[in-house]
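Colleague: Below is the structure I would like to discuss, written out as structure tokens.
The values are calculated or read from the model by the stated rules, or taken from the named source; none is laboratory data. Since the model is a prediction, treat every value here as computed from it, not as a measurement. Heads up, the Cβs are rebuilt from the backbone with ideal geometry, glycines too, and the neighbour counts pull from every protein chain shown.
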Amino acid sequence: MQRVGATGMGNDDIAEVPPSRDVHVTIGRVEVRAVHAPAPAPAAEARPAGALMSLAEYVRQRAEGGRT
């Protein structure tokens, strides 16, 4: 047993403290399994970036007779 003073200085009010016990834990093996989320639905067929045009460009092409 260890003897500890209440004030930490001197020997007045001495109390006995039982020794601490060490606890050792050993884990043999840990298994972790991941659950995959379902694959996202394929995106709708995207238009190429060049296929988009402004309204002004569309009107200009219609006036020139380039696109019907």
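Colleague: Go through A56, A37, A41 for me and flag whichever is in a helix (DSSP H, G or I), out of contact with any Asp or Glu (no Cβ under 9 Å at 6 or more places or on another chain) and either surrounded by 10 or more Cβ atoms within 10 Å (Cβ to Cβ) or at pLDDT 75 or above (or both).
Modeller: Details: A37 fails: in a helix (DSSP H, G or I); A41 fails: in a helix (DSSP H, G or I).
Of A56, A37, A41, the one residue that is in a helix (DSSP H, G or I), out of contact with any Asp or Glu (no Cβ under 9 Å at 6 or more places or on another chain) and either surrounded by 10 or more Cβ atoms within 10 Å (Cβ to Cβ) or at pLDDT 75 or above (or both) is A56.
Colleague: So for the range 1-19 (the condition being under 39 Å from the mean Cα position of the chain (by Cα) and either at pLDDT below 85 or surrounded by 10 or more Cβ atoms within 10 Å (Cβ to Cβ) (or both)), does at least one residue qualify?
Modeller: Keep residues of the range 1-19 that are under 39 Å from the mean Cα position of the chain (by Cα), which gives none.
No, that holds for no residue.
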